[in-house]
Amino acid sequence: MPSLKDMRNRIASVKATRKITKAMQMVAAAKLRRAQDAATAARPYAERMDRVLGNLARRANPEGASPLLVGTGKDDVHLLVVMTAERGLCGGFNSNIARLARNDAMRLLRQGKTVKILCVGRKGGDNLRRDLARNITERLDLRGVKQIGFSNAEEIGNRILALFEAGEFDVATLYFSEFKNVITQKPTALQLIPTRIPEVEAGAATAGDASVVEYEPSEDEILAYLLKRNISTQIFRGLLENAASEQGARMTAMDNATRNAGDMINKLTVKYNRLRQANITKELIEIISGAEAL
């Protein structure tokens, strides 16, 4: 049975932990608003980029189309770009993204495909290292970046394009967590190469889409430029979604940890009081027994 001193030390330790988790919750709540606004603002641009690419792809010359649009003609080698956080203490945020990437990698390996993994963020590599250490070809660290900018996404996009032009892979898929709300973050897989062009339903075209547009330079040249730009755009969107999801998950996790610490403090306090009362009762019995013996 622990002594009273041990119980006091444990209660003090849990109280100190509760102060830390409460502070982390408040910091995450302060960062969440800015990250959420940035992620929400990036969505219309990325969605509009998809529609523009779809219109150009339907009007461009199918012969000699860019490999970024039609692919290499095979899907033997897959590149999985797994984007996670640099830090933990954010619930299941990192593990959920890694689990989705791991499941897809295992499925591709069972089909006889070659899988290469590019980890953006330290936690993704740590989660995948146990099962897929041999498949991790590169890690990109964003630990020193205080605020995510488009230049960070462009560096990653240029690296992926360089690998594709060198013939290192046939299909590239991006993994990130889409921010829904503070409680819900959805792990998402988005195919980057070849670019997935959204299908247009019959009768869904607007008057603006149906208008005649002349492009200068040609559709093929504009499409080739936008396909490269789209990779960095989708990566930037994924980074912003991840930033908001990370702060939301950390805020929820630290709130739960603070509540659990409070419950533990209450239980330990009751246990401490009972132990203290038992010791007092024991001492009183010893005193009374000694007085009666005299």
Quiz item: Among Val270, Val27, Val82, which one shows the biggest mean-square fluctuation in a GNM of the chain, springs joining Cα atoms closer than 10 Å?
Solution: Val270
Quiz prompt | Sequence-distant aspartates and glutamates (8 or more away, or on other chains) whose Cα lies within less than 13 Å of Lys271 | solution = Asp6, Asp263
Exercise. Return one number: the angle in degrees, 0 to 90 and rounded to the nearest 10, between the long axis of the Cα atoms of helix 122-132 and the longest principal axis of the Cα atoms of the chain.
Key: 80 degrees
Quiz prompt | Ranked order, Val77, Val120 - accessible area, probe 1.4 Å, largest first | solution = Val77, Val120
Quiz item: Charges only on Cβ, +1 for Lys and Arg, -1 for Asp and Glu: so what's the dipole of the chain about the Cα centre, in debye to the nearest 20?
Solution: 2080 debye
Practice problem: List, in order, the whole-Hz ³J(HN,Hα) value for each residue of the range 19-27 obtained from phi through the Karplus relation with A = 6.51, B = -1.76, C = 1.60 and θ = phi - 60°; use x for Gly and Pro. | Solution: 5, 5, 5, 5, 5, 5, 5, 5, 5
Quiz item: Which of Gln147, Ser3, Gln36 sits closest to the plus end of the dipole of the chain, meaning its Cα is farthest towards the positive end, when Lys and Arg get +1 and Asp and Glu get -1 on the C-beta?
Solution: Ser3
Practice problem: Report the residue, chosen from Asp220, Asp131, Asp170, that carries the largest GNM mean-square fluctuation when the chain is represented by alpha-carbon nodes joined by springs under 10 Å. | Solution: Asp131
Practice problem: Compute the acute angle (0 to 90°) between the alpha-carbon long axis of helix 219-293 and the principal axis of greatest extent of the alpha-carbon atoms of the chain; round to the nearest 10°. | Solution: 10 degrees
Quiz item: If you line up the long axis of helix 150-165 against the longest principal axis of the chain, both from Cα atoms, how many degrees apart are they, to the nearest 10?
Solution: 60 degrees
Quiz item: Dividing the alpha-carbon Rg of the chain by 2.2 N^0.38 Å yields what?
Solution: 1.46
Exercise. Would you work out which of Leu226, Met254, Ile97 lies farthest towards the positive end of the dipole of the chain? Charges go on Cβ: Lys and Arg +1, Asp and Glu -1.
Key: Met254
Quiz prompt | Descending semi-axes in whole angstrom, ellipsoid equivalent of the range 65-136, from the Cα gyration tensor | solution = 25, 14, 10
Quiz item: In angstroms, what radius of gyration and Dmax does the range 1-60 have, counting Cα atoms only?
Solution: 25.4, 80
Quiz item: Excluding ligands and nucleic acids, what accessible area in Å² is computed for Thr258 using a 1.4 Å probe, to the nearest 10?
Solution: 20 Å²
Quiz prompt | Protection proxy ranking, peptides 89-95, 13-19, average beta carbon neighbours within 10 Å, highest first | solution = 89-95, 13-19
Quiz item: Counting other Cβ atoms within 10 Å, which GluC sites (Glu not before Pro) in the range 43-128 have at most 13 and lie in a DSSP loop?
Solution: Glu63
Quiz item: Okay, helix-only estimate at 222 nm for the chain: each DSSP H run of n ≥ 4 adds -39500 (n - 2.57), divide by all residues, round to 500 deg cm²/dmol; what do you get?
Solution: -22500 deg cm²/dmol
Quiz item: Straight-line reach from Lys74: which lysines have Cα under 23 Å away, leaving out those fewer than 8 places along the same chain?
Solution: Lys113, Lys116, Lys228
Self-check item: Charge dipole of the chain about the Cα centre (unit charges at C-beta), most positive-ward option of Val77, Asn181, Val171
Solution: Asn181
Practice problem: Sort Phe179, Phe150 by accessible area with a 1.4 Å probe, largest first. | Solution: Phe150, Phe179
Quiz item: What order do you get for 140-147, 101-108 when each peptide is scored by the mean count of other beta carbon atoms within 10 Å, highest first?
Solution: 101-108, 140-147
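The values are calculated or read from the model by the stated rules, or taken from the named source; none is laboratory data. Not measured: the values here are computed from a predicted model. So basically every Cβ, Gly included, is an ideal-geometry build from the backbone, and we count neighbours across all protein chains shown. Accessible surface is based on the protein model in full, side chains and every heavy atom, while ligands, DNA and RNA are left aside. Shrake-Rupley method; radii C 1.70, N 1.55, O 1.52, S 1.80 Å.
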